[in-house]
1. Six or more apart or on different chains, Cβ under 9 Å: which pairs go from a residue in the stretch 93-119 that's not assigned by TED's automatic domain parsing to the domain that holds residue 25 to one that's loosely packed, with under 14 Cβ neighbours inside 10 Å and modelled with pLDDT under 85? Could you list them?
2. Could you please find all residues in the stretch 205-214 being of a type in the set (A, V, I, L, M) and closer than 14 Å to residue 173 by Cα?
3. May I ask you to verify whether residue 127 is out of contact with any Cys (no Cβ under 8 Å at 6 or more places or on another chain) and surrounded by fewer than 20 Cβ atoms within 10 Å (Cβ to Cβ)?
4. In the stretch 229-236, is there at least one residue being at pLDDT 75 or above and out of contact with any helix residue (DSSP H, G or I) (no Cβ under 8 Å at 6 or more places or on another chain)?
5. Taking the stretch 47-66 on its own, how many of its residues are β-branched (Val, Ile, Thr) and modelled with pLDDT under 95?
6. Taking residue 42 and the conditions (1) in contact with a helix residue (DSSP H, G or I) (Cβ under 7 Å, 6 or more places away or on another chain); (2) modelled with pLDDT under 90; (3) not charged (D, E, K, R), which numbered condition does it fall short on, given that it satisfies the others?
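The values are calculated or read from the model by the stated rules, or taken from the named source; none is laboratory data. Everything quoted here is computed from the prediction, not taken from an experiment. With ideal geometry, Cβ positions are generated from the backbone for all residues, glycine too; neighbour counts draw on all protein chains shown.
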Amino acid sequence: MEGPQVRALADRIHALVAGRAVDRIDVPADRWQANVLLKHCAGRQVIRVQSRGQWLIWDFSHGISWVFFPLRQWRWSLEDPLASASPAHAPLAARSGKRPLLRLALSGGRVLTLSGRPIFLLLMTDAVLRHPALKDMGPDILDLTFTIPEWVRRIRAARPQTISRTLINPAIACGIGNELKCETLFTARLHPACPVSTLPAAALEKCLTVARQLSEAAYSRAMGNPLPLHDHPRVHDRAGEPCDLCGTPIEADHSGADGHWSWFCPTCQAPQLQPNLFARLPHAHRAFE
Ligand SMILES: [Zn+2]
């Protein structure tokens, strides 16, 4: 689950729980040592549920926050006894077969259940953004006050890397996971190994604009309002399948120490098609010496 999906999840949960008290909290006795702390939040009011990148943050009225990261598959599901025919019965994130980890009975009768194994932190609300996992994160790509020129400036100020690693570097901008990265590079016709330092400003701005458009479309889909943009991955996790545009088999490549794979079309995203006409790649440089 990437930033836009977590943002949509946060917005949907916020609409259900904000301003409500949590009447009861149940956790499996053998799962978390945080049992006592979790139960300490029973009777308290949820102020808001929000996201930052892929982190989901619940803020309670007594200055405590729950902070989740979807390390593996998870599911939030809702039981609403007051609206038995409501579509809200559907899971908030469609995953199944996971053990319940946390069950919250809200004032008014609704019950929210979290299944799966996310990372979970329990923090003072005013310390959340100082936690080592969150303190160095850049702006969220869905934050509309975060402009493309500011994104370019942050990229140019960071240590130069490939465009592939740059897009998923949360210190520059948070919210882009590996799937959005691969789909962005395909749409922008950029090879994952393209050094960001060789990209002209216009190509970089186009790439970031695509990333934002795809992120907004992913958010909209997760909110149940699909936009007519890419309702299936064009390259992500499709190694060996034909490219939608040219039929060339999609390739997968390990982009290096960050541990992420990149899927791409070797024809549509060929390095020689890159707009870096005046840049000298290391091997080209040697050839002229
Ligand atoms: Zn292609």
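1. Partner pairs satisfying both residue conditions: none exist.
2. Hits for the stretch 205-214 are 208, 211.
3. On the way: out of contact with any Cys (no Cβ under 8 Å at 6 or more places or on another chain): yes; surrounded by fewer than 20 Cβ atoms within 10 Å (Cβ to Cβ): yes.
Against the criterion (out of contact with any Cys (no Cβ under 8 Å at 6 or more places or on another chain) and surrounded by fewer than 20 Cβ atoms within 10 Å (Cβ to Cβ)), residue 127 qualifies.
4. So the first thing to find is which residues in the stretch 229-236 are at pLDDT 75 or above, and the list is 232-236.
Among the residues that remain, those that are also out of contact with any helix residue (DSSP H, G or I) (no Cβ under 8 Å at 6 or more places or on another chain) are: 232.
Yes, the conditions are met somewhere in the stretch 229-236.
5. Start the filter on the stretch 47-66 by keeping residues that are β-branched (Val, Ile, Thr), which leaves 47, 49, 57, 64.
Now restrict to residues that are modelled with pLDDT under 95: 64.
Here the count works out to 1.
6. (1)
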